[in-house]
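As structure tokens, the structure follows; a few thoughts come after it.
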Amino acid sequence: MARYGRVARVIFDLDGLLVDSEPVYAEIARKVCKKYGKEYTRETHMKEMGLSVDESCQVVVQALQLPITPEEYRLQLESDCEYERRLAEAPLMPGVERLVRHLFNHHIPTAIASSATRTIFDSVSSKRKDFFSLFHPIILAGEEPEVKKCKPAPDTFLVCEARFQTKAEPKETLVFEDSVAGVEAAVAAGMPVIMVPSKDIDIALCGKATLVLNSLQDFRPEEFGLPSF
Ligand SMILES: [Mg+2]
């Protein structure tokens, strides 16, 4: 039964939702901050999750009072010798492969809308080109002039919505997100959103989501009017 209404297509966030990449960012950020005698904590990580790279670098530099500019911080993260390799090796989240292939097999249009940069996307997709070929469109906020503001603004999802080949209402587009900023963006775009929060997220921050799941493995497509497994 479609208890949450019927949707016609699906948009996925990338980092922390499709790919278990957040621990990679956290570990490399911890290394860089440690060089300046600062501790990159779980709270700091929560503050920057889901934001654009530029914004997240600003948040970290400010929160920890690092004696470098956000640009220098970003350069240090990206020049870490482990960065690209670790992202390429980050596993898909549990249940992702089964769900995405299920949607594809039932001709449900499926997209990615992310704040990640092209470098990050290329790294996480480098060893899984076949899997990532199932998504169309793939919107990377920083590459799209039409995206004036990253998540938590709705732009990334609205631009993605407009690029689907078939037209539908925002309320017929289901979003999957792991971050608070991402959920706020989907809500602002008028789209139902399932949050699969990282274990570190305070459950009190998940209130705006249509539904909160511990894992994508718990998703029941028929509850949103999609073909069941
Ligand atoms: Mg995310």
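Counting Cα-Cα pairs of region 22-88 in 5 Å increments starting at 0 gives whole-percent bin shares of 3, 19, 33, 29, 14, 2, 0. Shown in residue order for region 184-194 are the 3J(HN,Hα) couplings computed by the Karplus curve 6.51 cos²θ - 1.76 cosθ + 1.60 at θ = phi - 60°: 4, 5, 5, 4, 5, 7, x, 10, x, 9, 9 Hz (x for Gly and Pro).
Region 169-229 and region 36-70 have Cα centres lying 26 Å from one another.
Annotation: the residues Met93, Met49, sorted from fewest to most other C-beta atoms within 10 Å of their own C-beta, follow the order Met93, Met49.
Panel order for Thr173, Thr69, by other beta carbons found within 10 Å of each beta carbon, from fewest to most: Thr69, Thr173.
Residues whose amide H falls under 5 Å from that of Arg9, counting only those 5 or more places apart or on a different chain, are Leu174, with hydrogens built in the peptide plane. Note on the chain: Cα-only Rg and Dmax are 17.2, 55 Å. Here is the link list: Lys151/Lys171; Lys151/Lys208; Lys129/Lys149; Lys167/Lys208. Which ones come out longer than 23 Å on Cα distance? Where the Cα-Cα span goes over 23 Å, the pairs concerned are Lys129/Lys149; Lys167/Lys208.
Computed per residue of the chain from DSSP H runs no shorter than four, each worth -39500 (n - 2.57), the mean residue ellipticity at 222 nm is -11000 deg cm²/dmol.
Count Lys and Arg as plus one, Asp and Glu as minus one, and take only other residues whose Cβ is under 10 Å from that of Val183; the net charge is then -2.
Counting every other Cβ atom within 10 Å of each residue's Cβ, Ser52, Ser133 order from fewest to most as Ser133, Ser52.
No value in this document is a laboratory result; all are computed from the given coordinates. What you are looking at is a predicted structure, and each value in this text was computed from that prediction instead of being measured. Please note: Cβ atoms are built from the backbone with ideal geometry, for glycine as well, and neighbour counts cover all protein chains shown.
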